[in-house]
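Read the structure below first, then the notes.
The values are calculated or read from the model by the stated rules, or taken from the named source; none is laboratory data. Bear in mind the structure is a predicted one, so any value in this text is a computation, not a measurement. Note: ideal-geometry Cβ built from the backbone for every residue, glycine included; neighbour counts use all protein chains shown.
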Amino acid sequence: MNLTEQLIALDRQHVWHPYAAMPNPLPVFPVRSARGVRIELEDGRSLVDGISSWWTCIHGYNHPRLNQAAQQQMAQMSHVMFGGLTHRPAVDLAKKLIDITPAPLQHVFFSDSGSVAVEVAMKLAVQYWHCRDQPSKTRFLTIRNGYHGDTFAAMSACDPVNGMHHLFSGMVMQQYFADAPQVQFHEDWQEQDIASFEALLKAHSDQIAAAIFEPVVQNAGGVRFYHPQYVRRASQLCKQYNVLLILDEIATGFGRSGKLFACEYADISPDIMCVGKALSGGFISLAATLTTTHISQTFATGEAGVFMHGPTFMGNPLACAVALENIQLLESYDWQAKVGAIAQQLKTELEPCRQLNAVKDVRVLGAIGVVELTRPVNMATIQPQFVDRGVWLRPFGRLIYTMPPYIIEPDELRQVTSAIYDIVSGL
Ligand SMILES: *Cc1c(COP(=O)(O)O)cnc(C)c1O
């Protein structure tokens, strides 16, 4: 066995991977390094990353500005606790997040992963109603095909079928699920689409603390693009029925959908917003939950007086410094033109897939392109095919999707789209 084979053997024996069996029967590819849009494998092959390491590295890997921000921060401190202490990286990042998100969002709670940011949002909503003397409002309204993370509260708001709730029945909170929106992003709005959401609010608003969903783009639950008017109507209905609105922008945030935040398509502002994934440009784990002043102030009047949550690594200085640099980097060039150009190229080059036998639908919004198949892919065989074509993608279920780093060049993106076309042709 050479060193790489030894690495793979040890990995197979001892290391869990996401959504994997142990030992893992699927191939894993050892990575030596990554730079720009490329992942370099231990065996010398070089892959164009077509999915930005799960929506995160919007400016590619090993970016000199992010590296420099990390090195400068490391020379000061990588970490201090946040209880009773504060520091410039966290304060500056909070200020930046407040400046770029909808105006009513004024307060930032940092955490270390998207799932925790969602847990925090849900706990905030429940404790808010407790403070308002409506302690029966503990449940959540969400929409089918959603994804909000893998911890228990977050999981309760994930699609009950995709999220495999039955495995944890009795432990996962029962939430209210509105039908998934059917009117697509570019279609004409039909008021009927919101009927199921409204009916659930009408019947159960005395039980519901908040509605929680991903605005406009449903991500890991199916990569679907739905009508902004759904988001606008849902926001109005939440106000009408006295229910808070939590928007999960963990995947959509920081330009991916074509707007800085997808809620801008609907021109609305939530009570609580979650961000993560691209926040630190894929450099290091960081997430945040933002709230309005009204939400935050309510806690002062409640029994506890404080919000009962505080991760050990909250506001990690290294992560905050890199995230701030990542946002400044995004602001330093015309990212909207770049995402628009990626969208245009994805439309042109993925559209021919629609003619293929195995294909049910092709859709593009912002820097997200999806080829939906009629049947689930076989991961054991399709992943190595993409690797052989020098492309890194991670299809799941019936979906082959790409959301490349914004820095991708047209010829690199063509390598991704042509691999998709050719491989799907052979299915
Ligand atoms: C990825 C994701 C999460 C969970 O984030 P983790 O960092 O994996 O915990 C939550 N919501 C949405 C919309 C996501 O895409």
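Points worth noting:
- Look at (1) crowded, with 24+ Cβ neighbours inside 10 Å; (2) touching a residue at least 60 places away in the same chain (Cβ under 8 Å) and you find that LEU279 fails only one, number (2).
- Put simply, of ALA9, ALA20 the only residue that is within 16 Å of the ligand (Cβ to nearest atom) and small (Gly, Ala, Ser) is ALA20.
- Candidate set: the range 309-346, residues that are of a type in the set (Gly, Ala, Ser) and outside any helix (DSSP H, G or I); chosen: the one surrounded by the fewest Cβ atoms within 10 Å (Cβ to Cβ): SER332
- The range 384-403: number of residues that are over 17 Å from GLU40 (Cβ atoms) and in contact with a Leu (Cβ under 8 Å, 6 or more places away or on another chain): 5
- Members of the range 195-243 found to be away from the ligand (no atom under 16 Å from the Cβ) and within 14 Å of VAL118 (Cβ to Cβ), listed by number: ALA209
- Against the numbered list (1) polar (S, T, N, Q); (2) closer than 21 Å to GLY222 by Cβ; (3) at pLDDT below 95, SER169 comes up short only at (2).
- For first residues located in the range 134-154 and closer than 23 Å to ASP112 by Cβ and aliphatic (A, V, I, L, M), partners that are more than 16 Å from the ligand (Cβ to nearest atom) and modelled with pLDDT under 95 and lie 6+ apart or on another chain with Cβ distances below 7 Å form the pairs ALA153/MET173.
- Yes/no for ALA154 being touching a Cys at 6+ places or on another chain (Cβ under 8 Å), under 28 Å from THR301 (Cβ atoms) and among the small types (Gly, Ala, Ser): no
- Every test in (1) over 20 Å from the mean Cα position of the chain (by Cα); (2) at pLDDT 95 or above; (3) not hydroxyl-bearing (Ser, Thr, Tyr) is passed by VAL306 save one, and that test is (2).
- Qualifying residue in the range 165-180 (condition: in a helix (DSSP H, G or I) and within 14 Å of the ligand (Cβ to nearest atom)): no
- Long-range neighbours under 7 Å by Cβ, at least six apart or interchain, first residue free of Cβ contacts under 8 Å to residues at least 24 places away in the same chain within the range 1-24, second surrounded by 10 or more Cβ atoms within 10 Å (Cβ to Cβ) and not in a loop (DSSP other than H, G, I, E, B): MET1/ALA9; PRO23/ARG12; PRO23/GLN13; ASN24/ARG12
- Residue match in the range 205-221 (condition: buried (at least 20 other Cβ atoms within 10 Å of the Cβ) and free of Cβ contacts under 8 Å to residues at least 40 places away in the same chain): no
- Qualifying residue in the range 296-308 (condition: within 16 Å of the ligand (Cβ to nearest atom) and either polar (S, T, N, Q) or assigned to a loop (DSSP other than H, G, I, E, B) (or both)): no
- Matching residues, the range 6-31, being closer than 20 Å to ASP388 by Cβ and exposed (fewer than 12 other Cβ atoms within 10 Å of the Cβ): PRO25
- Every listed requirement among (1) within 24 Å of PRO410 (Cβ to Cβ); (2) crowded, with 19+ Cβ neighbours inside 10 Å; (3) touching a residue at least 40 places away in the same chain (Cβ under 8 Å) is met by ALA34 save one, (3).
- Any helices (runs of 4 or more DSSP H) falling wholly within the range 39-154 and containing at least 3 residues that are buried (at least 24 other Cβ atoms within 10 Å of the Cβ) and within 12 Å of the ligand (Cβ to nearest atom): 114-131
- Condition check for ALA321: within 15 Å of the ligand (Cβ to nearest atom) and either modelled with pLDDT of 95 or more or among the small types (Gly, Ala, Ser) (or both): no
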